[in-house]
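Taking it in order: structure first as structure tokens, then the write-up.
The values are calculated or read from the model by the stated rules, or taken from the named source; none is laboratory data. Here the structure is a predicted model, which is why all the values come from computation and not from measurement. Reconstructed Cβ throughout: ideal geometry from the backbone, glycine too, with neighbour counts over all protein chains shown.
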Amino acid sequence: MLFPVLVRKAYRVNLQYRGSHLVHNLASSLFGFMYIFIWMGIGATHELEGYGVTGMIHYVGFNQAALWVTGFATFGLGIPQRVRTGQIALDLMRPVSLFYQTALREWGQVAYQFVYKFLPIYLIYAIVFSFSFPTQFSTYAGTFAALAIGAYLAICIQYLVGVLALWTTESGWFHWLNYAFLMLLSGFFVPVEWLPSWLRAISLHSFYPYLQYHPVKIYLGHESASVLTGGLVWCVGFSLVCAMVTWLARQRVEVQGG
Amino acid sequence: MNLVRLYVMLIRASIRSRMQYRFNFWLSTLLATLVNVSEFLMVAVVLVRFDGIQGWSLYEVGYLYAVISLSKVIYRSFANDVHNLDRYLVNGELDQLLTRPLPLLLALMSQNFRIMLGETIQGGGILAVCLVMLLQQGQVGWIAIPLTLWIILTGAMILFAIGLTTSTFGFWLTKVEVLQTLTEDAARSAAQYPLTLYPGWLRSIFFTFIPVAFANYVPSLYVLRHEYGPWLLVATTAVALLCLAGVLAFWRVGASRYQSTGS
């Protein structure tokens, strides 16, 4: 019964900061407005093939909101801080895998961000730009599954970034590197099919499109949920790597006396 | 003069402490370069795909991007912890700085000097490529090089003024992270593209409340496109100096409001 307890507690912790987070939503949505204005400016003189200006606004608006589910996982799932304070030794002593406990806490965070960040930010764009919503239930189900896969991948990546803190004090840079690759390769700002061929090949051979590109394409009705099979394969692969890295972390950790 | 010497000495100490961890330094430099290259590619992909934006070519927008990146390098190298003031306010660490025999702002600026080698290489590289291409095309002359260096310097002053203004609000609000997202991150990202892309109300914000337009866009109009006249650079410098004077006065008011966290 650990699963629901940890998820629920992480969700409730975040509820205490609802007011502050809603203000943050304003800042985040302004970032999205900036990206939208850029596409509106480009769309005024160029044809935005396959999307049109309206479609591109919807694409960027959805992606900006979805970042809070698949892009903005907690840095290293809080592990670097625990390494610095020594708390990591106690975490590794617990009769539950480090990956399992940190991932569960993050799922609570993801659930909170879905309700209090993804939905409000998306609604702001939907109202301002008069988005038309999908009419089929299967579209919502597919999008939800795609976002869940993206969130799981994001959690795994942050876990790996976090565990790196056992080897280097610069794990923060890996977090930023992941963020930069996410912006470039996930189709967040530029749809993957518009990337130059060499960059498109890198993107399509990576897991990044499952964080943003596939969820938004499913939501806009450009793709069916069957594309998520690849995402599930990535999830299995990352789970194995995380389990292996947890084993390595147990060998690595040293507890200071005193 | 003594203050400057003291500041330089503290910066040197900060660099020495950083270089005790050489592997970490080179790793962070490599990763910072990758992060910045990736960030620029996001802009470049759009420019290549659409052959420029609103009449601005790839090299012109690359120039805008590089200039503001290098201005940020100067600002964040010499005044990194101005950006992190709220951490000092929350933890009460500002008390320690107040006991030092130098002005509070200078003490804050001498903390954690950052050697942003990766960002410098990337920004400098893009600027060099763009300027060489623009020179070859005959769009700019050699005079563009010293003028660009001057623009980077005034841009750094403007970014510093924006950053310090935002942080100073921390004396009233304590946490300014959200405000920084707007005034520093969003505004700087917006300034990587020609400002004509944005609607009038947003553009006017970048010319007034968050004057990031003067960091790269406005002076580039003269240097790259020969619009208006050289007075544009004089005006940009005047704006930078005005911002600096204004923010220093605001900082003094803010610092006088500081209340420690207590024990």
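Listed values, structure above:
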{"quantity": "Restricting region A:157-193 to residues that are farther than 30 Å from A:ALA249 by Cβ and in contact (Cβ under 8 Å) with a residue 40 or more places away in the chain, the residue that is nearest to the other protein chains (Cβ to nearest Cβ)", "calculated": "A:PHE189"}
{"quantity": "Residue check, B:VAL43 part of a helix (DSSP H, G or I) and either within 14 Å of another protein chain (Cβ to nearest Cβ) or more than 26 Å from B:LYS175 (Cα to Cα) (or both)", "calculated": "yes"}
{"quantity": "Neighbours by Cβ (under 6 Å, 6+ apart or cross-chain): first from region A:214-235, within 12 Å of A:ALA66 (Cβ to Cβ) and in contact (Cβ under 8 Å) with a residue 60 or more places away in the chain; second β-branched (Val, Ile, Thr) and crowded, with 16+ Cβ neighbours inside 10 Å", "calculated": "A:HIS214/A:VAL227; A:PRO215/A:THR143; A:ILE218/A:THR143; A:TYR219/A:THR143"}
{"quantity": "Among residues of region B:46-75, those that are under 20 Å from the mean Cα position of the chain (by Cα) and within 14 Å of another protein chain (Cβ to nearest Cβ), counted", "calculated": "4"}
{"quantity": "Residue ID - surrounded by the most Cβ atoms within 10 Å (Cβ to Cβ), chosen from residues in region B:20-54 that are free of Cβ contacts under 8 Å to residues at least 24 places away in the same chain and more than 24 Å from A:PHE181 (Cβ to Cβ)", "calculated": "B:GLY52"}
{"quantity": "Residues that are in a helix (DSSP H, G or I), over 19 Å from the mean Cα position of the chain (by Cα) and at pLDDT 85 or above, drawn from region B:91-127", "calculated": "B:LEU94, B:ASP95, B:GLN96, B:LEU97, B:LEU98, B:LEU104, B:ALA107"}
{"quantity": "Search result, residues across region B:175-229 that are within 14 Å of another protein chain (Cβ to nearest Cβ), of a type in the set (Ser, Thr, Tyr), more than 16 Å from B:GLY155 (Cβ to Cβ) and surrounded by fewer than 20 Cβ atoms within 10 Å (Cβ to Cβ)", "calculated": "B:THR181, B:THR196, B:SER204"}
{"quantity": "Residues that are under 23 Å from A:ALA146 (Cβ atoms) and either among the acidic types (Asp, Glu) or within 21 Å of the chain's Cα centre (by Cα) (or both), drawn from region A:20-48", "calculated": "A:ASN25, A:SER28, A:SER29, A:PHE31, A:GLY32, A:TYR35, A:ILE36"}
{"quantity": "Residues satisfying the stated conditions in region A:35-58, i.e. more than 10 Å from every other protein chain (Cβ to nearest Cβ), part of a helix (DSSP H, G or I) and not hydrophobic (A, V, I, L, M, F, W, C)", "calculated": "A:GLY52, A:THR54, A:GLY55, A:HIS58"}
